[in-house]
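Peer 1: Can you keep this structure in mind? I'll have questions shortly.
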Amino acid sequence: MMERHFDENLQALKYQLMKMSALAEVMISDAIKAVVDRNEEVIPAVYEREELVNQMQVEIDETCLTQIALHQPAAGDLRFIMGAAKANADLERLADEAINIVKRAKTLLTEPPLKPFIIIPEMAMIARGMVRDSLHAFVNRNANLAREVMFRDDRLDALKTAIAAELTDCMTMESSAVSRALNLLLVSRYLERIGDHATNIAEISIFVVEGRDVRHHADRKP
Amino acid sequence: MSADPVISVRNLDLFYGEFQALKQVPMDVKDRHITALIGPSGCGKSTLLRTLNRMNDLIPSVRVSGTILLEGKDIYLPDTDVCLLRKRVGMVFQRPNPFPLSIYDNVAFGLRVAGMRDRSRIAEVVQRSLTSAALWDALKDKLHHSAVELPLDQQQRLCVARLLAVEPEVILMDEPCSALDPIATSRIEELMLDLKAKYTIVIVTHNMQQAARISDYSGYMLLGEMIEFGKTSGLFISPKDKRTQDYVSGRYG
């Protein structure tokens with residue numbers, strides 16, 4: 001087998017992405033702990049991890065660029081490197097959404113809880129699982145898992161619609177609930193966006209594996 | 001021009017004695033496009049190229065079966081005028097091979113062989129051919145200098161000009177840049193891209209990046225078989241065959 005050195009570089013790129021994804025997953029969990037468990041102590045760590053994610057984004061782009069410049073990859077390798085650069089951007093942006101959630105948490109913590117949390121923890125669990133599995137699909141070239149992740153995004157969207165209706169009711173009934181309900185609505189929106197970024201990564205994975213662009217199409221069946 | 005291929009190869013088998021160099025090869029060459037043949041040494045790509053103007057006829061012990069249609073007519077029919085075929089389908093070789101004559105006489109050679117005697121007509125064609133090969137400006141003041149003293153890329157372009165003088169339809173190029181440095185190579189590549197406005201080009205190249213840069217269609221050959229043939233972008237981004245994928249991503253062997 002030729003090109004061993006190049007294959008090692010691609011492997012290193014996979015590790016970088018998995019590490020970045022792991023950081024982002026913990027950021028999402030901690031951000032939701034701040035909202036749901038009213039745990040203020042986890043907040044500084046979310047910001048620290050975001051710094052690391054930002055550094056990794058720059059490093060991964062550099063790695064991709066170097067591999068293209070030095071090895072002129074083609075076929076599956078080219079799709080992989082192109083996909084890595086795109087997944088990299090989605091990971092960085094979904095980590096930013098965790099920061100947005102933490103910012104809402106800080107405001108929410110200044111008031112008593114509005115109501116028991118049911119939908120937001122479920123959304124957070126789904127979103128985090130989508131991030132983890134979309135990255136798995138990407139690094140392990142698993143198109144079936146990628147399709148399954150895309151399917152889960154529908155559930156996330158449905159929960160977002162449900163919580164929006166619920167929070168609208170709260171606001172209609174009690175004006176003192178408006179600020180808290182709006183902040184929670186934003187949290188649900190950030191979680192939904194995390195799901196969208198994970199869906200992008202899943203679509204990229206299918207392109208890397210099959211060479212088919214499935215974006216903006218309706219064939220999202222598992 | 002019609003959408004039909006200029007050259008259409010079907011079920012082509014070629015034997016050198018007992019050795020089968022081409023196996024049931026299919027290929028369509030589109031008009032005014034560049035088609036590249038890639039593959040490891042000995043895969044049959046040069047052999048396939050040489051069947052297109054019957055250069056293999058010069059080798060004893062060669063047997064060919066299958067069909068090669070040039071604008072719908074089988075070039076292996078017994079009544080084929082091979083000289084006319086080689087005028088219609090010209091060839092540029094790996095090493096530039098200008099005749100040891102002047103630049104002018106090199107380009108005029110084919111015309112004189114074809115019996116043209118009108119000096120002003122010949123001068124006109126020489127100028128037009130050298131212009132098409134992007135040599136006129138550089139060489140117009142030394143047309144009577146010796147061709148073999150030119151730098152290699154100009155020699156190679158002169159060989160192209162020599163072909164153009166006899167107005168071919170298809171230009172075959174067998175690794176035309178392998179003797180050239182990167183700058184000379186890029187000049188020949190530019191020339192090919194200019195020429196495809198008027199001519200159909202089939203090129204054999206060992207340089208995959210060259211195939212990717214300049215060709216519209218590519219065929220990957222291995223052990224005498226056409227493994228995959230299609231649009232060059234498709235072949236280099238999403239090849240369908242695992243063997244093509246391995247070759248274009250440098251994992252062959």
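Just so you know, all these numbers are worked out from the coordinates, no wet-lab data involved. Note that this is a predicted model, so its numbers are computed, not measured. Backbone-built Cβ (ideal geometry, glycine too); neighbour counts: all protein chains shown.
Peer 1: Please work out the C-alpha center-to-center distance from region B:7-59 to region A:65-116 and express it in whole Å.
Peer 2: Taking the Cα centre of each part, region B:7-59 and region A:65-116 sit 50 Å apart.
Peer 1: Let me ask another. Which residues make up the longest stretch of chain B clear of trypsin sites (Lys or Arg not before Pro) that lie in a DSSP loop with no more than 13 other Cβ atoms within 10 Å, not counting the sites?
Peer 2: Values: sites that count: B:Arg117, B:Lys140, B:Lys142, B:Lys198, B:Lys240.
The longest uninterrupted stretch comes out as B:1-116.
Peer 1: Can I ask one more? What do you get for the angle between helix A:119-139 and the principal long axis of chain A? Use alpha-carbon atoms, 0 to 90 degrees, nearest ten.
Peer 2: On a 0 to 90 degree scale, this one is about 0.
Peer 1: When Lys and Arg each count +1 and Asp and Glu each count -1, what net charge do the other residues less than 14 Å away from A:Thr168, Cβ to Cβ, add up to?
Peer 2: Local net charge: +1.
Peer 1: May I pose another question? Using a 7 Å offset from the Cα along the Cα-to-Cβ direction at both B:Glu225 and B:Leu58, what is the distance between the two label points in nm, to one decimal?
Peer 2: 3.2
Peer 1: Per DSSP H run of n ≥ 4, the term is -39500 (n - 2.57); total these for chain A, divide by its residue number, and report the mean residue ellipticity at 222 nm rounded to 500 deg cm²/dmol. Present the calculation step by step, with values, prior to reporting the outcome.
Peer 2: Numbers: 6 runs with 181 residues, N = 222.
Computed mean residue ellipticity for chain A: -29500 deg cm²/dmol.
Peer 1: Of all DSSP beta bridges located in the protein assembly as shown, what percent are antiparallel, nearest 5?
Peer 2: Roughly 60 percent of the beta bridges in the protein assembly as shown run antiparallel, per DSSP.
Peer 1: Rounded to the nearest 20 Debye, what is the dipole magnitude of the protein assembly as shown about its Cα centre when Lys and Arg each give +1 and Asp and Glu each give -1 at the C-beta?
Peer 2: 1220
Peer 1: When Lys and Arg each count +1 and Asp and Glu each count -1, what net charge do the other residues less than 13 Å away from A:Val178, Cβ to Cβ, add up to? Mind showing how you got there, number by number?
Peer 2: Numbers: positive: A:Arg180; negative: A:Glu111, A:Asp169, A:Glu174.
Neighbourhood net charge equals -2.
Peer 1: About the Cα centre of region B:47-160, what is the dipole size in debye to 20, counting +1 per Lys and Arg Cβ and -1 per Asp and Glu Cβ, all else neutral?
Peer 2: Charge dipole of region B:47-160: 80 debye, to the nearest 20.
Peer 1: Hey, another quick one. Beyond 26 Å between alpha-carbons counts as too far, so tell me which of A:Lys14/A:Lys103; A:Lys19/A:Lys103; B:Lys45/B:Lys240; B:Lys198/B:Lys242; A:Lys33/A:Lys160 fall in that bin.
Peer 2: Numbers: A:Lys14/A:Lys103 31 Å; A:Lys19/A:Lys103 24 Å; B:Lys45/B:Lys240 20 Å; B:Lys198/B:Lys242 35 Å; A:Lys33/A:Lys160 19 Å.
Long pairs (Cα-Cα over 26 Å): A:Lys14/A:Lys103; B:Lys198/B:Lys242.
Peer 1: Nearest-5 percent of antiparallel DSSP beta bridges in chain B?
Peer 2: So the antiparallel bridges in chain B amount to around 60 percent.
Peer 1: Sticking with this one: Set the Förster distance to 35 Å, then compute FRET efficiency between B:Thr80 and B:Asp141 from the Cβ-Cβ distance, nearest 0.05. Let's see the in-between values first.
Peer 2: Numbers: r = 42 Å, r/R0 = 1.20.
Given R0 = 35 Å and the Cβ-Cβ separation, E is 0.25.
Peer 1: Sticking with this structure for a sec: Just flag the GluC sites (Glu not before Pro) in region A:128-192 sitting in loop per DSSP whose Cβ has no more than 14 other Cβ atoms within 10 Å. Intermediate results must be reported in sequence, preceding the final value.
Peer 2: Values: sites: A:Glu148, A:Glu166, A:Glu174, A:Glu192; in loops: A:Glu174.
Answer by residue number: A:Glu174.
Peer 1: At a Förster distance of 51 Å, what's the computed FRET efficiency of B:Lys242 paired with A:Asn39, Cβ-Cβ distance as r, to 0.05?
Peer 2: FRET efficiency, B:Lys242 to A:Asn39: 0.50.
Peer 1: Going 7 Å from the Cα of A:Glu59 in the Cα-to-Cβ direction, what parts of region A:72-93 have a backbone nitrogen less than 15 Å from that spot?
Peer 2: Inside the label zone: A:88, A:92.
Peer 1: Between helix A:75-108 and chain A, what is the angle of the helix's C-alpha long axis to the longest principal axis, kept within 0 to 90° and rounded to the nearest 10?
Peer 2: 20
Peer 1: What is the angle, in °, between the Cα long axis of helix A:143-173 and the longest principal axis of the Cα atoms in chain A? Nearest 10 is fine, range 0 to 90.
Peer 2: 20
Peer 1: Taking neighbour counts of Cβ atoms within 10 Å as a proxy for exposure, in what order, fewest first, do A:Met171, B:Met208, A:Met150 appear?
Peer 2: Details: A:Met171 16, B:Met208 21, A:Met150 26.
Starting with the residue having the fewest Cβ neighbours, the order is A:Met171, B:Met208, A:Met150.
Peer 1: Right, another one. List, in order, the whole-Hz ³J(HN,Hα) value for each residue of region B:121-134 obtained from phi through the Karplus relation with A = 6.51, B = -1.76, C = 1.60 and θ = phi - 60°; use x for Gly and Pro.
Peer 2: 5, 4, 4, 5, 5, 4, 5, 5, 5, 5, 5, 4, 8, 6
Peer 1: What translational diffusion coefficient, to the nearest whole µm²/s, does region B:7-248 have by Stokes-Einstein, given a Kirkwood radius computed over alpha-carbon pairs, a temperature of 20 °C and 1.002 mPa s viscosity? Don't jump to the answer; show the numbers that get you there.
Peer 2: On the way: Rh = 18.5 Å.
In µm²/s, the coefficient is 116.
Peer 1: Report, in deg cm²/dmol and to the nearest 500, the calculated mean residue ellipticity at 222 nm for chain B, where each DSSP H run with n ≥ 4 adds -39500 (n - 2.57) and the sum is divided by the residue count.
Peer 2: On the way: 10 runs with 91 residues, N = 253.
The per-residue figure over chain B is -10000 deg cm²/dmol.
Peer 1: With r as the distance between the Cβ atoms of A:Ala12 and B:Phe99 and R0 = 56 Å, compute the FRET efficiency 1/(1 + (r/R0)^6) and round to 0.05. Walk me through the intermediate numbers first.
Peer 2: On the way: r = 55 Å, r/R0 = 0.99.
About 0.50, to the nearest 0.05.
Peer 1: Follow-up question, since we're still on this one. For region A:83-174, just run the numbers: alpha carbon Rg, then divide by 2.2 N^0.38 Å, N being how many residues it has.
Peer 2: Taking N as the residue count of region A:83-174, the ratio is 1.31.
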